[in-house]
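Remarks on the structure that follows.
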Amino acid sequence: MDTIILAHNYQRPEVQDRADYTGDSLRLCQIARDVECKDIVFCGVDFMAETAAILNPEKRVFMPDPLSQCPMAHQVTSEDIIQAKSLYPDAAVVAYVNTMAAVKAVSDTICTSANAVSIVSHLDTDTILFTPDRNLGSYVRRFTDKEIVIVPEGGNCPTHHQLVAEDVLLMKERHPLAKVAVHPECRPEVIDLADYVGGTEGILNYVKNSDYQEFIIGTENGMLYKIRNQCAGKIVHALSTYTVCPNMKMTTVERLERVLREKPGENVVAVDPDVARKAKKAIDAMFELMK
Ligand code: 13P
Ligand code: SF4
């Protein structure tokens, strides 16, 4: 195929409908790595398109809106990591995929929400420098004896971090039969009240495979479209109507159509080749640790 359209699960419904593949960060990374095509149009946010570009130096990767940035991915710099490494010289650095290439380039490996616990557990150092999401980092901490140092201390996803325990308690009161599924980017107090915690693909599979009929979903609300599409008959409620990632919604079908039609040079994702080569090592290390 000449051009493949990839869309994250949080994209607008009409953009998801136009895509060749939809999925979570991990699945989209794997498709970007394996797919045979000339060009990729990535409907998501900057770090996702950048990761696809790093994995495919010979393909062009376009973003329908190059200004769709994940704010969390900009909460840490490579200098922050280099400084933390000088304080913990024996630690391994695990960068959440929601980081920019320069940070991945100074990390030992990366992880996604789907494999963070497993990647950290497979590393043989006792101390892990985890960046940048403090909620995902503290969720991983629950499953390991390793010392997890979060860099920077306050990193978070504004969309998930705004959810609080009261939101869950209110929705449970309104829908007493519903099971609660949340993303690990949520606060620990929200995770404590959930029946299931996982990345977007994990949440989808939980709803699909569960014998229960009704669910409260604590992640970006684009996910509800995907769940409703694939889980006919199940009732799903958003944990909050405010859980919208404005950056994910910057990709409109009109912008997607324009990029497909014109392939404008300014929409091509460019990564410095030296940074890309180093970042690719960290991404490949994740794929190795997953084997
Ligand atoms: P997933 O990897 O679970 O799809 O999450 C990506 C993301 O940006 C969560 O906010
Ligand atoms: Fe980034 Fe949060 Fe948006 Fe995901 S939902 S892309 S982590 S701001």
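Odds and ends about this structure:
- Index of the failed condition, I81 passing every other in (1) away from ligand 1 (no atom under 15 Å from the Cβ); (2) in a loop (DSSP other than H, G, I, E, B); (3) open to solvent by less than 10 Å² (accessible area, probe 1.4 Å): (2)
- Where a residue in the stretch 161-177 is under 13 Å from E189 (Cβ atoms) and its partner, wherever it lies, is open to solvent by 40 Å² or more (accessible area, probe 1.4 Å) and among the hydroxyl-bearing types (S, T, Y), with Cβ under 8 Å and at least six apart: Q162/Y242
Listed here are the residues, each with its yes/no results for (1) open to solvent by 70 Å² or more (accessible area, probe 1.4 Å); (2) away from ligand 1 (no atom under 16 Å from the Cβ).
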residue: S25; (1), (2): no, no
residue: L28; (1), (2): no, no
residue: D34; (1), (2): yes, yes
residue: C37; (1), (2): no, yes
residue: K59; (1), (2): no, yes
residue: S68; (1), (2): no, no
residue: M72; (1), (2): no, no
residue: Y96; (1), (2): no, no
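- Criterion (more than 16 Å from ligand 2 (Cβ to nearest atom) and among the basic types (K, R)) met by exactly one of R187, R277: R277
- Close pairs (7 angstrom Cβ cut-off, 6 or more residues apart or separate chains): within 15 Å of A116 (Cβ to Cβ) and free of Cβ contacts under 8 Å to residues at least 24 places away in the same chain in the stretch 195-213, surrounded by fewer than 14 Cβ atoms within 10 Å (Cβ to Cβ) and among the charged types (D, E, K, R) anywhere: none
- Looking only at the stretch 100-121, residues that are more than 14 Å from the chain's Cα centre (by Cα) and more than 17 Å from K281 (Cα to Cα) come to 3 in all.
- Scanning the stretch 1-16 for residues that are away from ligand 2 (no atom under 16 Å from the Cβ) and either touching a Cys at 6+ places or on another chain (Cβ under 7 Å) or within 13 Å of F42 (Cβ to Cβ) (or both) returns M1, D2, T3, I4, I5.
- Of residues in the stretch 142-161 being in a strand (DSSP E or B) and surrounded by 14 or more Cβ atoms within 10 Å (Cβ to Cβ), the one nearest to ligand 2 (Cβ to nearest atom): I150
The values are calculated or read from the model by the stated rules, or taken from the named source; none is laboratory data. Since this is a predicted model, take the numbers as computed values, not measurements. All Cβ positions, glycine included, derive from the backbone under ideal geometry; neighbour counts span all protein chains shown. Side chains are part of the model used for accessible areas, which takes the heavy atoms of the whole protein and leaves out ligands, DNA and RNA. Shrake-Rupley method; radii C 1.70, N 1.55, O 1.52, S 1.80 Å.
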